[in-house]
Amino acid sequence: MFPVPWRLLPTDQRFRKYQWVEVKVTKAADDPRRESFNLRPDGIRVISEPLSNKNNWQAKKEIVLPMRDSSLCSLVRKRDSAQFPTLGVFRPASIKRLRIAPLDPEWSEAELGMLRQTHLFVDAPKQQLEKIPFRFFYEFDCDETGCRGHNLMCTDWEMSQSYRQWRSDYGGAGWEEKFRQRYESEMIHEKDTHFYVGTVASHPNRWIIIGLFYPPRELPSAQDSLF
């Protein structure tokens, strides 16, 4: 669903992650992807508190894991054979590393034009959105024979916010250590990391990671270790 002008929304419509909302949508006329809908910003209604992290994210797992596919390779095959799906979630077999690539820190004229677009229901923001001067990529393998490995850009919103916060807290030279601890070391060694993925409208064969699902990795119980 897009566009979601979160910064432009009134306070009572600024939903949080894993929070149920009702929205008004219409099928995206200029986007052939089956799952793509245009969201009406005036039609967002928050209807619940965010799901709890208790019991190793059990409430979230009950919603997310039934939608899980076996691998990105599987999603690619399904999409290539039937032009569907273009969204999915899966657990990588192994994450090799997080790669951080520098970007031009200034917005292009085309990007500025998109940022300055407003809609009928809210006022434009007083402060221009700061550009993140990096792109983040995960290199990983699927749990599938024949997987040659993948290198996908990750656009997770939390990563951008973490960069902004930690650059402010630790400075230009210190943010990366904290960032890698959180999004590389912990995601590889401590979390049961899953990737939400989707295709890009302008490049329908290109997949990107659009979000991270990372409940704590559950250790085997003493009883399990006996078998």
### Task
State whether one or more residues within region 158-170 are surrounded by 16 or more Cβ atoms within 10 Å (Cβ to Cβ), within 24 Å of M67 (Cα to Cα) and either modelled with pLDDT of 95 or more or of a type outside the set (S, T, Y) (or both).
yes
### Sole exception among (1) touching a strand residue (DSSP E or B) at 6+ places or on another chain (Cβ under 7 Å); (2) among the basic types (K, R); (3) under 25 Å from S160 (Cα atoms) for R33, by number
(3)
### Query
Which number in (1) over 21 Å from the mean Cα position of the chain (by Cα); (2) closer than 21 Å to I210 by Cα; (3) surrounded by 13 or more Cβ atoms within 10 Å (Cβ to Cβ) marks the one condition that K24 misses?
(2)
### Task
Run R99 past the list (1) part of a loop (DSSP other than H, G, I, E, B); (2) within 18 Å of the chain's Cα centre (by Cα); (3) under 30 Å from G149 (Cα atoms) and report the number of the one that doesn't hold.
(1)
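State the number of residues belonging to region 158-192 that are under 27 Å from P3 (Cα atoms) and touching a residue at least 12 places away in the same chain (Cβ under 8 Å).
Residues meeting the conditions: 7.
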### Query
Restricting attention to region 179-187, does a residue exist that is modelled with pLDDT of 95 or more, assigned to a helix (DSSP H, G or I) and of a type in the set (G, A, S)?
yes
### Task
Find the residue count for region 11-30, including only residues that are part of a loop (DSSP other than H, G, I, E, B), at pLDDT 90 or above and not small (G, A, S).
9
### Query
P41: touching a residue at least 60 places away in the same chain (Cβ under 8 Å) and either surrounded by 12 or more Cβ atoms within 10 Å (Cβ to Cβ) or under 17 Å from I210 (Cβ atoms) (or both), yes or no?
yes
### Query
Considering S168, S160, which residue is within 15 Å of the chain's Cα centre (by Cα) and in a helix (DSSP H, G or I)?
S160
### Query
Within region 188-220, which residues are touching a Phe, Trp or Tyr at 6+ places or on another chain (Cβ under 6 Å) and either at pLDDT below 95 or not charged (D, E, K, R) (or both)?
T193, H194, V197, T199, I209, I210, G211, P215
### Task
Residues being in contact with a helix residue (DSSP H, G or I) (Cβ under 8 Å, 6 or more places away or on another chain) and either part of a helix (DSSP H, G or I) or surrounded by fewer than 15 Cβ atoms within 10 Å (Cβ to Cβ) (or both): count how many of those fall in region 146-157.
1
### Task
Give region 15-41 a look and list any residue that's touching a helix residue (DSSP H, G or I) at 6+ places or on another chain (Cβ under 9 Å) and either closer than 25 Å to K61 by Cβ or among the aromatic types (F, W, Y) (or both), or say none.
F15, K17, Y18, V21, E22, V23
#### Entry: Sole residue being part of a loop (DSSP other than H, G, I, E, B) and over 20 Å from the mean Cα position of the chain (by Cα), chosen from S48, S52
S48
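Let's see how each residue does on (1) closer than 17 Å to F137 by Cα; (2) modelled with pLDDT of 95 or more; (3) among the polar types (S, T, N, Q):
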residue: M67; (1), (2), (3): no, yes, no
residue: L75; (1), (2), (3): no, yes, no
residue: R79; (1), (2), (3): no, no, no
residue: Q83; (1), (2), (3): no, no, yes
residue: V89; (1), (2), (3): yes, yes, no
residue: A93; (1), (2), (3): yes, yes, no
residue: R97; (1), (2), (3): yes, yes, no
residue: I100; (1), (2), (3): yes, yes, no
residue: W107; (1), (2), (3): no, no, no
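The values are calculated or read from the model by the stated rules, or taken from the named source; none is laboratory data. If you're wondering where the values come from, they're calculated on a predicted model, not measured in any experiment. So basically every Cβ, Gly included, is an ideal-geometry build from the backbone, and we count neighbours across all protein chains shown.
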